1. Go through segment 291-307 and report how many residues are in a helix (DSSP H, G or I) and open to solvent by 60 Å² or more (accessible area, probe 1.4 Å).
2. Of the conditions (1) in contact (Cβ under 8 Å) with a residue 12 or more places away in the chain; (2) not in a helix (DSSP H, G or I), LEU266 fails just one. Which one is it?
3. Could you tell me which residue of segment 196-238 is most open to solvent (accessible area, probe 1.4 Å), considering only residues that are outside any helix (DSSP H, G or I) and over 25 Å from THR158 (Cβ atoms)?
4. Could you grab the pairs with beta carbons closer than 8 Å, sequence gap of 6+ or different chains, first residue in segment 21-38 and free of Cβ contacts under 8 Å to residues at least 12 places away in the same chain and farther than 23 Å from ASP220 by Cβ, second one open to solvent by 90 Å² or more (accessible area, probe 1.4 Å) and part of a loop (DSSP other than H, G, I, E, B)?
5. Taking ASP39 as the residue in question, decide whether it is surrounded by fewer than 20 Cβ atoms within 10 Å (Cβ to Cβ) and touching a Lys or Arg at 6+ places or on another chain (Cβ under 7 Å).
6. Please work out if ASP319 is open to solvent by 50 Å² or more (accessible area, probe 1.4 Å) and in a loop (DSSP other than H, G, I, E, B).
7. Please find, among ALA173, ALA208, the residue that is of a type in the set (Gly, Ala, Ser), modelled with pLDDT of 95 or more and out of contact with any Leu (no Cβ under 6 Å at 6 or more places or on another chain).
8. Could you please find all residues in segment 150-163 being open to solvent by 20 Å² or more (accessible area, probe 1.4 Å) and in contact with a Ser or Thr (Cβ under 8 Å, 6 or more places away or on another chain)?
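The values are calculated or read from the model by the stated rules, or taken from the named source; none is laboratory data. Note that this is a predicted model, so its numbers are computed, not measured. Note that each Cβ is placed from the backbone with ideal geometry, even for glycine, and that neighbours are counted across all protein chains shown. Quick note on the areas: whole protein, heavy atoms, side chains included, nothing else; ligands and nucleic acids left out. Shrake-Rupley method; radii C 1.70, N 1.55, O 1.52, S 1.80 Å.
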Amino acid sequence: MEKRAAHEDDVGSLFTWHAPLFAVANRRAFARERRARVDAWCAGQASDSFERRVVELVTAPEAPSAALCHAALERSASAPGFSGPDQYLRAALLQRFALSAVDPGGAGGGRRARAFGPTDAYGAAAEAFSWCDAARERGGVASIPDVVVELGLTLVRTALVAGMTDAVEAPLAAVEENASRVHAVHVRFHAWSSIAIARLAQGDPEAALIPVNRAKILADRARDLAGQWHAERVRAQALSMAGRTWAEAAAHAEVASLAERVADDLDSTPDLRRDATVSALQSRALLLTRMREEDRDRASSREAEAILRRIARARAAGDADETALAEFESLALADSR
């Protein structure tokens, strides 16, 4: 039983591999351990095993292109694990195709990558979620809350991108129902923060506040700066849409502070540092504009100085595009009167 449960957890991780490692106390150690388990499994399979090829594709360090995933799907019709009730490998591949189709530019794409769009992504995500919905009553991989949540989120995302707003509520309800049961903390964080983002996309900021607060609590418990920043950024957007002006200003100040700490953190990846740098500057720019509108000269002067200091650090570290930095610099140096 324990061996079967461990196998199901490993298979389940194929569906959660793409989820950002937020709210994880030691992100690098977690990633190394997860990678080692997959590599050990792959090493025990024949080099020409199609199952091994799919696992390598889904867990690739750089997201594969939709074209590569689609080619694998076309080959999967007669492969074991790709048909019948236990077709979790096909479902994992469908999910990876859907994610790559809504975010083109992955590895190995070439010209064919542009042939797939939001409608293709939605169709694949819907098929994967339908498999999960039909199979989870029988137990096994499809019944793992982490798998239900991530397949549901993939369907929600592709439906929103494809403009199929009527198709969002059912998978979103499944995500909300299972979010608190999720085993992996980074998947739980992804669930709550994504629920909030989906509610914002639906124009319901009040419904976004509770889930994003839950995500923030998870990041706080793990003392994960990147997770705290990501959650606070979504929270600030919800407060802005809800018209809570003073709370929004406080949230943007917190976003700027957290983003700057992420940008200065040696454990942050280059992409994370760049995103955090721009996020900090955007939040400070919003605060500066508001301060100037309210004729708070002393406060706006301090905020402008903070923007210029962050720009100097970003230039020294190469953490942001020069065009973007120049725009923020122009704002900071502009005459407030």
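1. Going residue by residue through segment 291-307, those that are in a helix (DSSP H, G or I) are 291-293, 297-307.
Pick out the ones that are also open to solvent by 60 Å² or more (accessible area, probe 1.4 Å) and you get 293, 297-298, 302, 305.
Qualifying residue count for the region: 5.
2. Checking LEU266 against (1) in contact (Cβ under 8 Å) with a residue 12 or more places away in the chain; (2) not in a helix (DSSP H, G or I), the one that fails is (1).
3. Initially, segment 196-238 is screened for residues outside any helix (DSSP H, G or I), giving 202-204, 223-224.
Adding the requirement that they be over 25 Å from THR158 (Cβ atoms) leaves 223-224.
Working: ARG223: 209, ASP224: 10 Å².
My answer is ARG223.
4. none
5. Values: surrounded by fewer than 20 Cβ atoms within 10 Å (Cβ to Cβ): yes; touching a Lys or Arg at 6+ places or on another chain (Cβ under 7 Å): no.
No.
6. Numbers: open to solvent by 50 Å² or more (accessible area, probe 1.4 Å): no; in a loop (DSSP other than H, G, I, E, B): yes.
No: the conditions fail for ASP319.
7. On the way: ALA208 fails: out of contact with any Leu (no Cβ under 6 Å at 6 or more places or on another chain).
It is ALA173.
8. So in segment 150-163, the residues open to solvent by 20 Å² or more (accessible area, probe 1.4 Å) come out as 157, 160-163.
Those that are open to solvent by 20 Å² or more (accessible area, probe 1.4 Å) and in contact with a Ser or Thr (Cβ under 8 Å, 6 or more places away or on another chain): ARG157, ALA162.
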